[in-house]
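If you scroll down you'll find the structure; I have some questions about it.
The values are calculated or read from the model by the stated rules, or taken from the named source; none is laboratory data. Not measured: the values here are computed from a predicted model. Counting neighbours? That spans all protein chains shown, and the Cβs are built from the backbone with ideal geometry, glycine included. Please note that ligands, DNA and RNA were not included when accessible areas were found on the heavy atoms of the full protein model with its side chains. Shrake-Rupley method; radii C 1.70, N 1.55, O 1.52, S 1.80 Å.
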Amino acid sequence: MRTGRRTKQWLWRWRANPLRRRDDVLEAWLVLAVWAAVAVGGTLAGAVTARAADDVFTQQRAERTPVQAVVVSDAAQSAARGYRSLVTVRWTRADGSARTDTTVVSASPKAGARMEVWTNAKGELTTAPPSPAGAALEAAFLGASAALAATGLAAGAGVAARWRLDRRREDRWGREWDTVGPRWGHKTS
(Lines give C-alpha, C1' and ligand atoms only; values in the text may rest on other atoms or scores of the structure.)
Protein backbone atom coordinates (compact mmCIF):
# COMPACT_ATOMS: atom_id res chain seq x y z
CA MET A 1 0.00 0.00 0.00
CA ARG A 2 1.49 3.25 -1.10
CA THR A 3 0.86 6.42 0.83
CA GLY A 4 1.99 9.94 0.14
CA ARG A 5 2.72 11.78 -3.03
CA ARG A 6 5.70 11.51 -5.23
CA THR A 7 7.85 14.53 -4.47
CA LYS A 8 10.14 14.40 -7.47
CA GLN A 9 8.73 16.14 -10.53
CA TRP A 10 9.92 15.35 -14.03
CA LEU A 11 11.33 18.28 -15.96
CA TRP A 12 10.88 20.50 -12.91
CA ARG A 13 13.47 22.99 -14.10
CA TRP A 14 11.39 23.83 -17.17
CA ARG A 15 8.05 24.12 -15.37
CA ALA A 16 6.50 27.49 -14.58
CA ASN A 17 7.46 28.34 -11.03
CA PRO A 18 7.76 31.71 -9.34
CA LEU A 19 11.03 30.61 -7.69
CA ARG A 20 12.57 29.41 -10.93
CA ARG A 21 15.48 31.56 -12.02
CA ARG A 22 16.88 32.05 -15.50
CA ASP A 23 20.10 30.37 -14.35
CA ASP A 24 18.13 27.25 -13.37
CA VAL A 25 16.73 26.90 -16.87
CA LEU A 26 20.17 27.59 -18.35
CA GLU A 27 21.68 24.91 -16.11
CA ALA A 28 19.00 22.40 -17.14
CA TRP A 29 19.74 22.98 -20.82
CA LEU A 30 23.46 22.80 -20.12
CA VAL A 31 23.13 19.42 -18.39
CA LEU A 32 21.00 18.14 -21.25
CA ALA A 33 23.55 19.35 -23.81
CA VAL A 34 26.43 17.74 -21.91
CA TRP A 35 24.62 14.40 -21.72
CA ALA A 36 23.83 14.58 -25.43
CA ALA A 37 27.46 15.42 -26.23
CA VAL A 38 28.64 12.52 -24.07
CA ALA A 39 26.20 10.03 -25.59
CA VAL A 40 26.36 11.09 -29.22
CA GLY A 41 29.79 12.72 -29.40
CA GLY A 42 31.58 10.02 -27.45
CA THR A 43 30.00 7.24 -29.46
CA LEU A 44 30.65 9.00 -32.75
CA ALA A 45 34.28 9.79 -31.87
CA GLY A 46 34.90 6.20 -30.82
CA ALA A 47 33.29 4.69 -33.91
CA VAL A 48 35.06 7.04 -36.35
CA THR A 49 38.44 6.50 -34.69
CA ALA A 50 38.06 2.72 -34.60
CA ARG A 51 37.00 2.66 -38.25
CA ALA A 52 39.91 4.88 -39.32
CA ALA A 53 42.42 2.78 -37.38
CA ASP A 54 41.02 -0.42 -38.88
CA ASP A 55 41.31 1.08 -42.38
CA VAL A 56 44.94 2.03 -41.75
CA PHE A 57 45.76 -1.47 -40.49
CA THR A 58 44.02 -3.06 -43.47
CA GLN A 59 46.01 -0.83 -45.81
CA GLN A 60 49.24 -1.79 -44.05
CA ARG A 61 48.47 -5.49 -44.46
CA ALA A 62 47.77 -4.93 -48.15
CA GLU A 63 50.92 -2.87 -48.84
CA ARG A 64 53.51 -4.73 -46.79
CA THR A 65 54.96 -7.99 -48.01
CA PRO A 66 57.33 -10.48 -46.39
CA VAL A 67 60.68 -11.05 -48.12
CA GLN A 68 63.43 -13.57 -47.42
CA ALA A 69 66.69 -11.82 -46.55
CA VAL A 70 70.21 -12.99 -45.81
CA VAL A 71 72.06 -11.69 -42.74
CA VAL A 72 75.25 -9.94 -43.89
CA SER A 73 76.82 -9.22 -40.47
CA ASP A 74 76.58 -10.95 -37.10
CA ALA A 75 74.38 -9.46 -34.43
CA ALA A 76 76.07 -7.57 -31.63
CA GLN A 77 76.60 -9.31 -28.30
CA SER A 78 73.68 -7.40 -26.72
CA ALA A 79 71.18 -9.69 -28.45
CA ALA A 80 72.78 -12.71 -26.79
CA ARG A 81 71.87 -11.21 -23.40
CA GLY A 82 68.19 -10.84 -24.37
CA TYR A 83 68.30 -7.33 -25.81
CA ARG A 84 67.50 -6.28 -29.35
CA SER A 85 70.29 -5.38 -31.70
CA LEU A 86 70.88 -4.23 -35.27
CA VAL A 87 72.00 -6.53 -38.09
CA THR A 88 72.65 -5.79 -41.73
CA VAL A 89 70.52 -7.81 -44.16
CA ARG A 90 70.40 -8.12 -47.94
CA TRP A 91 67.30 -8.94 -49.97
CA THR A 92 66.10 -8.78 -53.55
CA ARG A 93 63.36 -6.27 -54.37
CA ALA A 94 60.43 -6.98 -56.69
CA ASP A 95 62.26 -5.30 -59.60
CA GLY A 96 65.21 -7.70 -59.18
CA SER A 97 67.69 -5.24 -57.66
CA ALA A 98 69.56 -6.14 -54.49
CA ARG A 99 69.09 -3.97 -51.44
CA THR A 100 71.03 -3.84 -48.15
CA ASP A 101 69.84 -2.21 -44.95
CA THR A 102 69.87 -2.67 -41.18
CA THR A 103 67.02 -4.05 -39.10
CA VAL A 104 66.36 -4.76 -35.45
CA VAL A 105 66.38 -8.40 -34.32
CA SER A 106 65.73 -10.01 -30.97
CA ALA A 107 67.74 -13.17 -31.64
CA SER A 108 71.44 -13.42 -32.52
CA PRO A 109 71.56 -14.61 -36.14
CA LYS A 110 74.97 -15.41 -37.64
CA ALA A 111 76.14 -14.10 -41.00
CA GLY A 112 74.58 -16.11 -43.84
CA ALA A 113 71.41 -16.98 -41.90
CA ARG A 114 68.06 -16.47 -43.62
CA MET A 115 65.32 -14.45 -42.01
CA GLU A 116 62.02 -12.90 -42.98
CA VAL A 117 61.77 -9.11 -43.22
CA TRP A 118 58.85 -6.91 -44.27
CA THR A 119 59.00 -4.34 -47.06
CA ASN A 120 56.64 -1.59 -48.10
CA ALA A 121 55.43 -0.73 -51.62
CA LYS A 122 58.74 1.08 -52.34
CA GLY A 123 60.75 -2.00 -51.40
CA GLU A 124 62.12 -0.46 -48.19
CA LEU A 125 62.27 -2.22 -44.84
CA THR A 126 59.35 -1.64 -42.52
CA THR A 127 57.73 -3.29 -39.53
CA ALA A 128 55.40 -6.25 -39.86
CA PRO A 129 51.74 -5.26 -40.18
CA PRO A 130 49.46 -6.17 -37.31
CA SER A 131 47.51 -9.40 -37.56
CA PRO A 132 43.75 -9.08 -38.14
CA ALA A 133 43.07 -9.95 -34.50
CA GLY A 134 45.76 -7.57 -33.24
CA ALA A 135 44.49 -4.83 -35.54
CA ALA A 136 40.92 -5.30 -34.31
CA LEU A 137 42.07 -5.14 -30.69
CA GLU A 138 44.17 -2.04 -31.29
CA ALA A 139 41.38 -0.35 -33.26
CA ALA A 140 38.95 -1.09 -30.42
CA PHE A 141 41.40 0.32 -27.87
CA LEU A 142 41.92 3.48 -29.95
CA GLY A 143 38.16 3.87 -30.43
CA ALA A 144 37.51 3.48 -26.71
CA SER A 145 40.27 6.00 -25.95
CA ALA A 146 38.76 8.51 -28.37
CA ALA A 147 35.30 7.98 -26.87
CA LEU A 148 36.66 8.53 -23.36
CA ALA A 149 38.55 11.63 -24.49
CA ALA A 150 35.44 13.12 -26.11
CA THR A 151 33.38 12.25 -23.03
CA GLY A 152 35.97 13.81 -20.74
CA LEU A 153 36.10 16.94 -22.84
CA ALA A 154 32.31 17.33 -22.82
CA ALA A 155 32.06 16.58 -19.11
CA GLY A 156 34.91 18.97 -18.31
CA ALA A 157 33.29 21.75 -20.31
CA GLY A 158 29.99 21.06 -18.51
CA VAL A 159 31.64 21.17 -15.09
CA ALA A 160 33.38 24.43 -15.95
CA ALA A 161 30.14 25.99 -17.20
CA ARG A 162 28.21 24.84 -14.11
CA TRP A 163 30.97 26.21 -11.87
CA ARG A 164 30.62 29.56 -13.64
CA LEU A 165 26.84 29.48 -13.15
CA ASP A 166 27.29 28.70 -9.45
CA ARG A 167 29.71 31.61 -9.07
CA ARG A 168 27.22 33.92 -10.78
CA ARG A 169 24.41 32.72 -8.48
CA GLU A 170 26.58 33.23 -5.39
CA ASP A 171 27.42 36.76 -6.50
CA ARG A 172 23.72 37.55 -7.01
CA TRP A 173 22.81 36.07 -3.64
CA GLY A 174 25.54 38.17 -2.04
CA ARG A 175 24.25 41.35 -3.65
CA GLU A 176 20.66 40.54 -2.67
CA TRP A 177 21.70 39.81 0.91
CA ASP A 178 23.58 43.11 1.09
CA THR A 179 20.34 44.81 0.05
CA VAL A 180 17.87 42.84 2.20
CA GLY A 181 20.00 41.87 5.20
CA PRO A 182 20.15 45.28 6.92
CA ARG A 183 16.31 45.48 6.96
CA TRP A 184 16.02 42.33 9.08
CA GLY A 185 17.15 43.74 12.32
CA HIS A 186 19.98 45.05 14.37
CA LYS A 187 23.51 43.77 14.14
CA THR A 188 25.19 42.66 17.36
CA SER A 189 28.50 44.40 16.94
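Heavy atoms only, probe 1.4 Å: what % of the accessible area of the stretch 57-189 goes to carbon and sulfur, would you let me know?
Its accessible area is 56 percent carbon and sulfur atoms.
Amide H of Ala113: which non-local residues (sequence gap of 5 or more, or other chain) have their own amide H closer than 5 Å, using H built in the peptide plane?
The answer is Val71.
Among residues other than Arg175 whose Cβ falls under 12 Å from its Cβ, what is the net charge (Lys/Arg +1, Asp/Glu -1)?
Counting the neighbours of Arg175, the net charge comes to -1.
Now a separate question. What are the trypsin sites (Lys or Arg not before Pro) within the stretch 136-189 that DSSP puts in a loop, where the Cβ has at most 12 other Cβ atoms within 10 Å?
The qualifying sites are Lys187.
Along the stretch 122-133, what does the Karplus equation 6.51 cos²θ - 1.76 cosθ + 1.60 (θ = phi - 60°) give for ³J(HN,Hα), rounded to whole Hz, x for Gly and Pro?
After applying 6.51 cos²θ - 1.76 cosθ + 1.60, I find 7, x, 9, 5, 8, 7, 5, x, x, 5, x, 5 Hz.
So how far apart, in nm, are the two label points at Val104 and Leu153 if each is 7 Å from Cα heading toward Cβ?
3.0 nm
What number, rounded to the nearest 500 deg cm²/dmol, is the helix-based mean residue ellipticity at 222 nm of the chain, given -39500 (n - 2.57) per DSSP H run of at least four residues and division by all its residues?
-16500 deg cm²/dmol, from helical runs alone.
Let me have the relative contact order for the stretch 37-147, percent, based on Cα pairs under 8 Å that are six or more residues apart. Could the numbers behind the result be given before it?
Details: 185 pairs, mean separation 41.1, N = 111.
In percent, rounded to a whole number, it is 37.
Any idea of the accessible area per residue across the chain, 1.4 Å probe, to the nearest Å²?
74 Å²
Counting Lys and Arg as +1 and Asp and Glu as -1, each charge on the Cβ, what is the dipole of the chain about the Cα centre in debye, to the nearest 20?
1320 debye
Each residue of the stretch 28-36 in order: what ³J(HN,Hα) in whole Hz does its phi give by Karplus 6.51 cos²θ - 1.76 cosθ + 1.60, θ = phi - 60°, with x for Gly and Pro?
4, 5, 5, 4, 4, 5, 5, 4, 5
I've got another one for you. Step through the residues of the stretch 169-176 one at a time and calculate ³J(HN,Hα) from phi using the Karplus curve (6.51 cos²θ - 1.76 cosθ + 1.60, θ = phi - 60°), rounding each to whole Hz and writing x for Gly and Pro.
Using θ = phi - 60°, the values come out as 5, 4, 5, 5, 4, x, 5, 5 Hz.
Taking a point 7 angstrom from the Cα of Thr58 along the C-beta vector, which residues in the stretch 125-142 have backbone N less than 13 Å away?
Residues passing the 13 Å test: 132, 136.
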